[in-house]
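Let me begin by presenting the structure, written as structure tokens, before commenting on it.
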Amino acid sequence: MTTSVRDMQERGLGATLRRDAWWAAPALTALVLGSFGIYATWAAWTGAHYEWGPYLSPFYSPLLKPSWWPLSPAFLILVFPLGFRMTCYYYRKAYYRAFFLDPVACSVGEPRHGYRGETKFPFILQNMHRFFMYAAVIFIFILAYDVYLATRWPVGGMLADDTPAPGLREFGLGVGTLVMTLNVVLLACYTFGCHSLRHLIGGGVDCYSCARGGRARFRLWRGVTALNKNHMLWAWCSLFSVALTDVYIRLCAMGVISDIRIF
Ligand code: FES
């Protein structure tokens, strides 16, 4: 009597006929996403060392400091980028496999046999991705403005506490400016390749030449599609760049490293 793949799946979690390292990808995903989650929570919680000179950490942008808010300012804004990533179609696949083991990999036994998809609470909230996408697009422009501010250096130099001296500003470029620029480019590639945005632009159109603004929509759709093809790559690259940008600015603010002013 032979054992089918279906039989193995029904025996429970981890049962499989596969002989390859199917567990490597979910394990690596759990390690990286878990590490990012711990670091991001800590960085947001501290409420300190998030700006240096003209640089501002992406975890704290836009910087809001209302007097009635008792916690770190990061918690006022992080719900938007966090919600965007958590409801992203790609990340859903990645963390369902890595953290819920559901399904952990193709042709590998799952922890349960019923399936309700994302039709019940709390997973039905994944449908909010479209709305988080609207916020994420706005955040790209905010972070791009931060890059512009990171080129505006105080003529009077820095004060003793590493804040910019008040008064006139001049154009300048530091390594931090380049780090922030790379971060916003990678974030834009991730955000503008969103499946939901692609659907918003072209999902309801059967014939571009017949639709209103069809030519422009077709061009936009082609651009989003080009980014969408590598959505997973942009998802990971932008995750790393956000963390590394915060680390760079944090280390500068803590005096561990010195930013290099290129000109
Ligand atoms: Fe990944 Fe929208 S599907 S960001």
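Answer yes if at least one residue in region 101-123 is among the basic types (K, R), within 16 Å of the ligand (Cβ to nearest atom) and more than 26 Å from M254 (Cβ to Cβ), and no otherwise.
Of region 101-123, the ones among the basic types (K, R) are 112, 116, 120.
Those left that are additionally within 16 Å of the ligand (Cβ to nearest atom): none.
No, that holds for no residue.
Could you run through region 216-241 and say how many residues are farther than 22 Å from V32 by Cβ, within 12 Å of the ligand (Cβ to nearest atom) and either open to solvent by 50 Å² or more (accessible area, probe 1.4 Å) or without any contact (Cβ under 8 Å) to a residue 12 or more places away in the chain (or both)?
Result for region 216-241: 0.
Looking only at region 147-155, decide whether some residue is small (G, A, S) and either open to solvent by 20 Å² or more (accessible area, probe 1.4 Å) or assigned to a loop (DSSP other than H, G, I, E, B) (or both).
Of the residues in region 147-155, the ones small (G, A, S) are 150.
Within this subset, residues satisfying the condition of being either open to solvent by 20 Å² or more (accessible area, probe 1.4 Å) or assigned to a loop (DSSP other than H, G, I, E, B) (or both) are 150.
Scanning region 147-155, I find at least one residue that is small (G, A, S) and either open to solvent by 20 Å² or more (accessible area, probe 1.4 Å) or assigned to a loop (DSSP other than H, G, I, E, B) (or both), so the answer is yes.
Test each condition in (1) in contact with a strand residue (DSSP E or B) (Cβ under 8 Å, 6 or more places away or on another chain); (2) open to solvent by less than 80 Å² (accessible area, probe 1.4 Å) for C189 and report the one that comes out false.
All conditions are met except number (1).
Determine which single condition T119 fails, assuming it passes every other condition in (1) part of a loop (DSSP other than H, G, I, E, B); (2) of a type in the set (S, T, Y); (3) in contact (Cβ under 8 Å) with a residue 12 or more places away in the chain.
Status for T119: all satisfied but (3).
Output the residues belonging to region 37-55 that are closer than 12 Å to D246 by Cβ, in a loop (DSSP other than H, G, I, E, B) and open to solvent by less than 30 Å² (accessible area, probe 1.4 Å).
Y50, the sole residue that qualifies.
For region 196-215, enumerate the residues that are near the ligand (Cβ under 9 Å from one of its atoms) and either hydrophobic (A, V, I, L, M, F, W, C) or open to solvent by 70 Å² or more (accessible area, probe 1.4 Å) (or both). Steps first, answer last, please.
Keep residues of region 196-215 that are near the ligand (Cβ under 9 Å from one of its atoms), which gives 196-198.
Matches in region 196-215: L197, R198.
The values are calculated or read from the model by the stated rules, or taken from the named source; none is laboratory data. Note that the coordinates shown come from a computational prediction; the quantities given were computed from them, not determined experimentally. Please note: Cβ atoms are built from the backbone with ideal geometry, for glycine as well, and neighbour counts cover all protein chains shown. SASA here: full protein model, heavy atoms, side chains in, ligands and nucleic acids out. Shrake-Rupley method; radii C 1.70, N 1.55, O 1.52, S 1.80 Å.
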